[in-house]
Amino acid sequence: MHNAIQAEGLVKRYGETKALDGVDLVVPQGRLLGVLGPNGAGKTTAVRILATLLRPDAGRATVNGFDVQRQAHQVRTLIGLTGQYAAVDEMLTGVENLLMIGRLLGLSRSAARARADELLRRFDLADAGGRATKTYSGGMRRRLDLAASLVGRPQVLFLDEPTTGLDPRSRTELWGVVRGLMADGVTVLLTTQYLEEADQLADDIVVFDHGRVIASGTSDQLKSTTGAQVLEVRPLQEGHLDLVVQVVTDVVGEAPEVSGGRATAAVRDPAVVPAIVRRLDDLGVVASELTLRKSSLDEVFLALTGHRAEDEPSDEKQEVLV
């Protein structure tokens, strides 16, 4: 299996700011790489370089063996790109949007129409194909935007935060579409701030922060990097929460986080759990919920960076190569 995407030492500067600071990426053919990070971490800059829209200041990258700078035309024939905001013409219908893309790609009128009809059915938009896109819901627009990126049957697809702003139902529907693409053998690079999204879809994950890759691996591998499991305790009586906090602090050695009526703490020795149960029992505190689980990706991200994935504002530039 060869690598569909490979990047080595990518650097991109904007004045004194390094949007990318020596990034390496590898995506084997047919796999989905999830790229995690807060706004401004460099995710979109990396996608623009790989999609031939931006030149790096240093480093090199290839897509299916073609250099993104020296062989940009060949790369563009192989890829599809869906950005953070739906790039459809709101005055055109769904069919007309896809027909326009097909014709721009050199398809005959009949071939473009056939491909448009096929994609509208695949993305559950056939009934809405004759309507102006401005009447579509946010989820429908995102599905149409993704369909547009597939008109040319790309071998490699870049999805740059494709579910930003979608409600949970629309997000889940789009996840189903992405899984279908993966089943067809399309290689996908997905950037996201949603840790659950990467957990659900990605074969492999890299974590960006301040223009660098700070961790990589499968979801389970990343979750094991904290060296801890997570204990959650919720007392049956809300008034006992302070007692739960005190017991967990005494046994674990550090104060737990308190939210939603429960105490949450990182646990490196599972043997503390029965000790906590005994202490609570001695105090007459009944737990309505007591669980010991793996760290979530969000907790891994917090441990790696000191902040959660959505905490930082975007400072990535919008320079585009023309």
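The values are calculated or read from the model by the stated rules, or taken from the named source; none is laboratory data. This one's a predicted model, so the numbers in the text were calculated from it and none came from an experiment. Quick reminder, even Gly has a Cβ in these numbers, built from the backbone with ideal geometry, and neighbours come from all protein chains shown. The protein model used for the area step is the full one, side chains on, heavy atoms only, and it has no ligands, DNA or RNA in it. Shrake-Rupley method; radii C 1.70, N 1.55, O 1.52, S 1.80 Å.
Going by accessible surface with a 1.4 Å probe and the largest first, Asp298, Asp281, Asp24 read Asp281, Asp24, Asp298. In the chain, helices alone account for a calculated mean residue ellipticity at 222 nm of -10000 deg cm²/dmol, with every DSSP H run of four or more residues adding -39,500 (n - 2.57).
Write down the accessible area per residue of segment 150-289 in Å², having rolled a 1.4 Å probe over the full set of protein chains.
I get 47 Å² per residue for segment 150-289.
Put one equal scatterer on each alpha carbon of segment 1-88, apply the Debye formula with no solvent term, and list log10 I(q)/I(0) at q = 0.17 1/Å to two decimals. For the requested q values the scattering log ratios are -0.72. Here the label points at Thr77 and Ser137, each 7 Å from Cα along the C-beta direction, are separated by 4.0 nm in the simple model. To the nearest 10, the accessible area of Val151 is 10 Å² with a 1.4 Å probe. Applied to segment 52-68, the Karplus parametrisation 6.51 cos²θ - 1.76 cosθ + 1.60 on θ = phi - 60° returns per-residue 3J(HN,Hα) values of 6, 8, 8, 8, x, 7, 7, x, 9, 8, 10, 10, 6, x, 9, 6, 5 Hz, with x for Gly and Pro. Which shape class applies to segment 2-45: rounded if a/c is under 1.5, otherwise prolate when a/b exceeds b/c and oblate if not, where a ≥ b ≥ c are the square roots of the Cα gyration tensor eigenvalues? Oblate is the answer for segment 2-45, as a/c is 1.5 or above yet b/c matches or exceeds a/b. Answer rounded, prolate or oblate for segment 132-203, using the Cα gyration tensor with square roots of eigenvalues a ≥ b ≥ c: rounded when a/c is under 1.5, else prolate when a/b is larger than b/c, else oblate. Because a/c hits 1.5 or more and a/b fails to exceed b/c, segment 132-203 counts as oblate.
Measuring nothing but protein heavy atoms, the accessible surface of the chain at 1.4 Å probe radius is 48 percent carbon and sulfur.
Oblate is the label for segment 244-285. Its Cα gyration tensor axes, ordered a ≥ b ≥ c, give a/c of at least 1.5 and b/c at or above a/b.
Quote the charge dipole size of the chain about the Cα centre in Debye, to the nearest 20; the model charges only the Cβ of Lys and Arg (+1) and of Asp and Glu (-1). Working shown, then result.
On the way: 36 positive and 44 negative charges, 317 e Å.
The dipole of the chain has a size of about 1520 debye.
Seen from Asp24, the other residues with C-beta closer than 12 Å to its C-beta sum to a net charge of 0, counting Lys and Arg as +1 and Asp and Glu as -1.
What segment 1-113 shows is 46 Å² of accessible area per residue, with the surface traced by a 1.4 Å probe over protein heavy atoms.
Heavy atoms only, 1.4 Å probe, whole protein assembly: order Asp57, Asp21, Asp160 by accessible area, highest first. Don't jump to the answer; show the numbers that get you there.
Numbers: Asp57 75, Asp21 40, Asp160 10 Å².
Solvent-accessible surface, decreasing: Asp57, Asp21, Asp160.
Remark on the chain: hydrodynamic radius 21.8 angstrom, per the Kirkwood mean of 1/r across alpha carbon pairs.
Give me the dipole magnitude in Debye, nearest 20, for segment 1-141 about the Cα centre, with unit charges on the beta carbon: positive for Lys and Arg, negative for Asp and Glu.
Working: 19 positive and 13 negative charges, 45 e Å.
The calculation lands at about 220 debye.
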